[in-house]
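Any read-out appearing in this document is the output of simple, stated calculations on the displayed coordinates, not a laboratory observation. The shown structure was predicted, so the numbers you read here are calculated from the model rather than taken from an experiment. Positions of Cβ are backbone-derived with ideal geometry, glycine not excepted, and every protein chain shown enters the neighbour counts.
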Amino acid sequence: MTVDTTESTSSTTERAQKASASSTTERASLTTESTSSSLVLTEEQQALLDGAKGEAMAKVVKVLVMYGETFGATRMVPVTSRMGHLVTSFGLSALKPVYELLDGLIREGALSQQQFTVDPRPLDANVKAGFIADLVFKFMYSRQDFYEKQLSELGLVNQDGFTCACYFDEVGNVPAPGDVLSWAESSAVVYANSVLGARCNRNSGIIELFGSVAGFVPYFGLLTDEGRTASWIIDVQTTQKPEAQVLGSAIGMKVMEAVPYIKGLDRWLGSELDQTAKDYLKDMGAATASNGAVGLYHVDGLTPEARALGTTLVADDAPTYVIDDAELARVKASYPVIWKDPQAQAKLAFVGCPHLSTAQLHDWATRLDAALTANKRSRVAVKTVFTTAPAVRKAFEATDDYQRLTARGVTVSSICPLMFMNNPLCGKMPVVTNSNKLRTYTTARYHTDAELLTLISGGEL
Ligand code: F3S
């Protein structure tokens, strides 16, 4: 049988020509857009936009230009941090366009110019949800292995790089003061800006990868000195150390995306950024970023820019929000309980969103052990999962406290509780947590550290 290939060859050629013509047109329009834009590119950046390093890189730069234009950026600045961090850690089957895009980047060698860490994995074989729910997970995150392979090819630092607390020393993604970052994870962005003095906008997922691939990001918002000026004063007047997660929640809900300057907190945290202060600010910041949209806060006498510049960081017309015991109680009482049965017994407790530090793990181990002993219990009354970075977990596994915790029935995992709760069947479970971020985004019920300790150790609230 003879096959006439004329038509197919010609149509293939035509398709190729069309593709080539359309990409030429697209490149031309990219060039035109950029020259008519207020965002001025360097010659090198313009060449990337014009396709000097391939179609995929041109698209990456085009997106960064459009992103910058939307926020009034006039130029790009280099990403200077040693490492990047990606928020998208889950291989959801619905993210096909993302996988195709990443394939294009990998094919054309448009890889990340810096290694990166990634948010926690959505699954852990040690955290079981039940037979049916685990099947749902398999379906939900069916592209997990495929996606992780793509991440490895793009620049994932290593298999232990999955944590939102990438700035822990054990993980090693610790930006230097003044570094420009391309991150998106809200709890990590607010920590890097506020506690480490780095500079990063609250980017979205994938945009942050594009910044790491291109090596530059649009200059606006929290990258600029003006953007780091405080437009709110928070006056902490509590009679005891405020619960970090409730204080952060109150601040976030009041100022939303503005920059707050917090006075009166150094009274409880001191003037040194020691581990206790850092852990407190990690948890408070995550609550400001999720209950509101805070990307940077200053703590008078404590955080780097507040120590260097003091109240000169505060805008003249900044209003003051006083937070006292009554205000914290009001905020906490306002959290709705959205369990199907609000009187239900808790079935699962998550501690560690954002991930726990080594010091926090040891502290919880000590307090839980004492509480269980006081309640004459050998094991936790509620299935309990402590979450932390893989590198922290590995080191912690060699300690007596780890043995004590696991003997008491606690699971130490590196999962993301929020990803776990995204499973509709898990969302129906009565889950308790001390994380205001988890409360905000899921059906989990919030309790203070002390309340949660009472619950999981079998005491009466
Ligand atoms: Fe981290 Fe997942 Fe919580 S990314 S902050 S553990 S929602």
*May I ask you to give the average projected area over all directions of the convex hull of the Cα atoms of region 319-388, in nm² rounded to one decimal?*
7.6 nm²
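Using R₀ = 35 Å, calculate the FRET efficiency as 1/(1 + (r/R₀)^6) where r is the Cβ-Cβ separation of Met66 and Ser93; round to 0.05.
Working: r = 28 Å, r/R0 = 0.79.
Efficiency at R0 = 35 Å is approximately 0.80.
Give the value in nm², to one decimal: projected area of the alpha carbon convex hull of region 348-456, averaged over all directions.
Values: hull surface 24.4 nm².
Over all viewing directions, region 348-456 projects a mean Cα-hull area of 6.1 nm².
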*Search the structure for amide H atoms under 5 Å from the amide H of Phe162, placed 1.01 Å from N in the peptide plane, and list their residues when 5 or more places away or on another chain.*
Val118
*Quick one: which of Lys241/Lys394; Lys128/Lys383; Lys138/Lys340; Lys347/Lys394; Lys128/Lys332 span more than 21 angstrom between C-alpha atoms?*
Lys241/Lys394; Lys138/Lys340; Lys347/Lys394; Lys128/Lys332
*Taking 0.36 nm per residue of separation and subtracting the Cα-Cα distance, what length does fully extending Arg330 through Leu425 add?*
31.1 nm
*asked:* Quick query: amide H of Ser413 versus all other amide H atoms, modeled in the peptide plane; which residues come in under 5 Å with a sequence gap of 5 or more or a different chain?
replied: Phe386, Thr387, Thr388
_Need the list of aspartates and glutamates near Lys428 for cross-linking: C-alpha distance under 15 angstrom, and skip anything on the same chain fewer than eight residues off._
Asp134, Asp341
*May I ask for the distance between the Cα centers of region 263-316 and region 115-170, given as a whole number of Å?*
31 Å
*Excluding same-chain residues fewer than 8 positions from Lys53, which lysines have a Cα within less than 22 Å of its Cα?*
Lys18, Lys62
_Residue-by-residue Karplus 3J(HN,Hα) for region 426-431, coefficients 6.51, -1.76, 1.60, Hz, glycine and proline x_ = 6, x, 8, 7, x, 9
_Whole-angstrom gap from region 175-214 to region 384-461, using each part's C-alpha centre_ = 26 Å
_Additional length obtainable on full extension of the chain from Phe139 to Ala315, 0.36 nm per residue less Cα span_ = 58.3 nm
_Under 5 Å, built H, 5+ apart or other chain: amide partners of Ile323_ = Asp235, Val236, Gln237
_Stretchable slack from Val322 to Ala52, in nm (0.36 nm times residue separation minus alpha-carbon distance)_ = 91.7 nm
*Each residue of region 167-175 in turn: what ³J(HN,Hα) in whole Hz from Karplus with 6.51, -1.76, 1.60 and θ = phi - 60°, glycine and Pro shown as x?*
7, 5, 4, 5, 8, x, 9, 10, x
_Set of aspartates and glutamates near Lys254 by C-alpha distance (under 18 Å), chain-local residues within fewer than 8 positions excluded_ = Asp235, Glu243, Asp283, Asp317, Asp324, Asp325, Glu327
*Approximate shape of region 227-333 as ellipsoid semi-axes (Cα gyration tensor, √5λ), whole Å, largest first*: 18, 16, 13
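Rounded to the nearest 5, what % of the DSSP beta bridges within the chain are antiparallel ones? If you can, show how the numbers build up before the last one.
On the way: 3 of 35 bridges.
Here the antiparallel bridges make up roughly 10 percent for the chain.
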*Binned Cα-Cα distance frequencies in the chain - 10 Å width, integer %*: 4, 19, 27, 25, 15, 6, 3, 1, 0, 0
_Could you tell me the calculated FRET efficiency between Asp169 and Leu111, based on Cβ-Cβ distance and R0 = 25 angstrom, to the nearest 0.05?_
0.40
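Just to verify a number: FRET efficiency for Lys394 and Gln275, C-beta to C-beta distance, R0 = 25 Å, to 0.05? Numbers along the way, then the final one.
Details: r = 19 Å, r/R0 = 0.76.
Rounded to the nearest 0.05, the efficiency is 0.85.
Can you give me the span-like helices of the chain, meaning DSSP H runs with 20 Å or more of Cα extent along the axis and Kyte-Doolittle mean at or above -1.0? All intermediate terms of the calculation are to be shown ahead of the outcome.
On the way: long enough: 6-36 (44 Å, -1.06); 55-70 (22 Å, 0.68); 275-291 (24 Å, -0.75); 358-374 (24 Å, -0.05).
Span-like helices here: 55-70, 275-291, 358-374.
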*asked:* Debye calculation, C-alpha points only, no solvent: report log10 I(q)/I(0) for region 118-251 at q = 0.09, 0.14, 0.18, 0.20 Å⁻¹, in the same order as the q values.
replied: -0.39, -0.84, -1.13, -1.25
